[in-house]
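Novice: The structure that follows is given in the form of structure tokens.
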Amino acid sequence: MSIVDADTAAHAASARPVVAPGPGLEALHRWVGQVASLTEPDQVVWCSGSDAENRRLLDEMVASGSIVALDSGLRPASYLARSDPADVARVEDRTFICSATEQDAGPTNNWRDPSAMREELTTRFEGSMRGRTMYVVPFSMGPVGGAISQVGVQVTDSPYVVVSTRIMTRMGADALAQIGPDSVWVPALHTVGMPLVTGADTRIEDVPWPSNATKVIAHFPETREIWSYGSGYGGNALLAKKCFALRIASAMAREDGWLAEHMLLIRVTTPAGKVLHVAAAFPSACGKTNFAMMTPTLPGWKVETIGDDIAWLRPGADGRLWAINPEAGFFGVAPGTGPDTNPAAMTTVRSNTVFTNVAMTLDGDVWWEGASDEPPAHLIDWRGQPWTPDSATPAAHPNARFTVAADQCPTISDDWDSPDGVPIDAIVFGGRRATNVPLVAEAEDWEHGVFFGSTISSEQTAAAEGPVGELRLDPFAMQPFCGYNMADHWAHWLEIGDRLGSKAPRVFRVNWFRKSSDGRYLWPGFGENVRVLEWIAARLDGDADVRWSPVGGLPGVGELDLTGLDLDGFALDQLFAVDPAAWSAEAEQLRAHYDRFGDRVPARLRARLDQLVRRLEDAA
Ligand code: GTP
Ligand code: SPV
Ligand code: MN
């Protein structure tokens, strides 16, 4: 790590410094100087990504009380961070797409005029790092030097963000070395927004989790810049993840003919030794990590993990769709993760893990709801308060997460980080739906699959601030993450499909979350989801029948292997029931959903909606 006194980097402080990045290494150094002049940190540290640097940052955070070192026997080299209770999830109402026109952001994004937002942010960032260290964090999304990898540089005043980014990306000197004289790199500015020196030069005491009541997470898709103010948590602060690899990358991808999607990636090997690759888009906290690390219950099946949250996909030289996981780690939901539901994740987080907002045991280990059947008798909850099973509040925050390197996962595929990625055979869309949506349905073709994707809805989870459980549309599981007009995203998908032609992956829709009238999940889920994969694999091989319903192709009678499951005929009927009346009401909501986007909705998708309505009328 190299340390520069901020004063030597600072320009004359008379006028407010303009922050203006540009391509190349020289522009990077100029930009870092400009940011330092604006934010006025005590010092500027360029991060190398070395072990020694990482240890030093962790030791400093332990010493200052901002993280807790867990017991070195029970949870080696692992730490617990407790966030401010007002900074626990993404803040969608404070997330902005600052494109030149409001239409380019579309009705599902908050839009701000780019120059007005730049002005506002420059004011907010002024002096925002006083009394703190400013870290310069170069990172690569995708393997360093890979043909479809991208480099970014995050400036941050949060050491927690530095150690997290080191896990989640290829961070440090190697990534920096990718920036040549003309290289394009994405600037990502981040401050927790809590300077330690106030206007009158008085120093205030730091807190364990600094943040600001006001938060602004802003993206400039045309100039490919990110500015994030006021939060230290997750997708608000680890800017490489949602801000870069989804919002900015989706805008890049649209221009350059590829896709940046909220998808897990797996390799499936059948008992016959056939290999297929599946990409699946489920909304936040709807089962991507679980599906990506699945332990199949059917004998002879193998599922290997390639990615759990983000995929970059592009047509390859062979005309097929190829995908990489641009990340290097997992930022996974802890609650609901246990030895029965996700044993691979439990193994992954045994060591070298940063936990955030989970509970701590009295002997210095971690716990969360679902980690074991019986909660420990005494815990320290995520707020740092004593907790017992009688407590009225959960021990871990529902959006508590673990941050851990991908290569610690026992199910990680050997070549998960291959720069070329893997060829995709099937795309799966899903959501959390208590009603209406069957366990699995197949699309007729790519266009029908894009219709599936554009109409995904899900009950909201704790991954974002907002009313948990409320049904909302989340097309492509990208509603919070698309850096441009969502309807243009659908058109872009149709164009990609036209290019892929007969080599396009087959498309499916799944729902693990359908409930019985008494509120219980109808489907056992988790490792049993391999039964759905088995049917998908059989469909790709032409070995399974389908019965066409108004909402897609359902497994033919007896085509889904249910042996050994405690599932009666009534539950099975409920899992696949398509009620024309309920679906007609749903189709009306879909029309209103499309109408929000006006004439930007591709005519081919409108025709698919009309077709759905006709089919429902015929079935009624
Ligand atoms: P993000 O990281 O927020 O994008 O989410 P994710 O899609 O990776 O979510 P994750 O896999 O961590 O899912 C979290 C929640 O879904 C947990 O509460 C799990 O218990 C639950 N879950 C996952 N798979 C299943 C399933 O097959 N059935 C049921 N009923 N719940 C599931
Ligand atoms: C999500 O919300 O989809 C996440 C977590 O993967 S965060 O990185 O905080 O956005
Ligand atoms: Mn996600």
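The values are calculated or read from the model by the stated rules, or taken from the named source; none is laboratory data. Keep in mind the model is a prediction, meaning the values are calculated, not measured. Here the Cβ is made from the backbone with ideal geometry for all residues, glycine too, and neighbour counts use every protein chain on show. Side chains are part of the model used for accessible areas, which takes the heavy atoms of the whole protein and leaves out ligands, DNA and RNA. Shrake-Rupley method; radii C 1.70, N 1.55, O 1.52, S 1.80 Å.
Novice: Between T269 and D373, how high is the FRET efficiency from 1/(1 + (r/R0)^6) when r is the Cβ-Cβ distance and R₀ = 22 Å? Nearest 0.05.
Specialist: Using R0 = 22 Å, I get an efficiency of 0.10.
Novice: Over 18 Å apart: what share of the alpha carbon pairs of the stretch 168-275 falls there, rounded to a whole percent?
Specialist: Roughly 65 percent, once rounded to a whole number.
Novice: For the stretch 329-408, what size does the Cα cloud have along each of its three principal axes, sorted from largest down, in whole Å?
Specialist: Answer, in whole Å and largest first: 37, 23, 23 Å.
Novice: Let me ask something else. For the stretch 285-294, take each phi angle, set θ = phi - 60°, evaluate the Karplus expression 6.51 cos²θ - 1.76 cosθ + 1.60, and give the result in whole Hz per residue in order, putting x for glycine and proline.
Specialist: After applying 6.51 cos²θ - 1.76 cosθ + 1.60, I find 6, 10, x, 5, 4, 5, 5, 5, 10, 4 Hz.
Novice: Moving on. Sort W416, W490 by heavy-atom solvent-accessible area, probe 1.4 angstrom, most to least.
Specialist: Putting W416, W490 in descending order of accessible area: W416, W490.
Novice: Using r as the Cβ-Cβ distance of D182 and R383, and R0 as 45 Å, what FRET efficiency do you calculate, to the nearest 0.05?
Specialist: Efficiency at R0 = 45 Å is approximately 0.35.
Novice: In addition: What spacing in nm lies between the two simple spin-label points modelled at A86 and A592, each 7 Å away from Cα in the Cβ direction?
Specialist: Inter-label distance under the simple model: 3.3 nm.
Novice: Just round it to a whole percent: the fraction of Cα-Cα distances in the chain exceeding 48 Å.
Specialist: Counting every Cα pair in the chain, those more than 48 Å apart make up 12 percent.
Novice: Which whole-angstrom value gives the distance between the alpha carbon centres of the stretch 529-560 and the stretch 433-490?
Specialist: What the calculation gives is 21 Å, centre to centre.
Novice: Something else about it: For V428, what residues show an amide H to amide H distance below 5 Å, using hydrogens built from the backbone and excluding near sequence neighbours?
Specialist: Sorted by chain and number, the residues that satisfy this are A279, A280, A281, F508.
Novice: Set the bar at 23 Å for Cα to Cα. Now go through K242/K288; K288/K503; K288/K515 and name every pair that lies beyond it.
Specialist: K288/K503
Novice: Let me ask another. Show that you can apply the helix-only estimate: for the chain, add -39,500 (n - 2.57) for every DSSP H stretch of four or more residues, divide by all residues, and state [θ] at 222 nm to the nearest 500.
Specialist: The per-residue figure over the chain is -7500 deg cm²/dmol.
Novice: Something else: How many percent of the accessible area of the chain is carbon or sulfur, using a 1.4 Å probe?
Specialist: 50 percent
Novice: What FRET efficiency comes out for the pair V468/R520, r = Cβ-Cβ distance, R0 = 22 Å, nearest 0.05?
Specialist: 0.70
Novice: Stretch E444-D407 to full length: gain in nm at 0.36 nm per residue minus the Cα-Cα span?
Specialist: The span from E444 to D407 would gain 9.6 nm if fully extended.
Novice: Same structure again: Relative contact order of the stretch 375-436, please, whole-number percent, based on alpha carbon pairs below 8 angstrom and at least 6 residues apart.
Specialist: Across the stretch 375-436, relative contact order equals 18 percent.
Novice: Please report, in debye to the nearest 20, how large the charge dipole of the chain is about its Cα centre when each Lys and Arg carries +1 at its beta carbon and each Asp and Glu carries -1 there.
Specialist: Around 560 debye, computed over the chain.
Novice: Using +1 at the Cβ of each Lys and Arg and -1 at the Cβ of each Asp and Glu in the stretch 265-394, identify which of V349, L379, G319 lies farthest towards the dipole's positive end.
Specialist: Positive-end residue among those listed: G319.
Novice: Label-point separation (nm) for A434 and L540, each offset 7 Å from Cα along Cα-to-Cβ?
Specialist: My value for the distance between the label points is 3.5 nm.
Novice: Quote the charge dipole size of the stretch 507-606 about the Cα centre in Debye, to the nearest 20; the model charges only the Cβ of Lys and Arg (+1) and of Asp and Glu (-1).
Specialist: For this selection, approximately 600 debye.
Novice: Enter the accessible area of Y79 (Å², nearest 10), with the probe set to 1.4 Å and all protein chains included.
Specialist: Result for Y79: roughly 40 Å² accessible.
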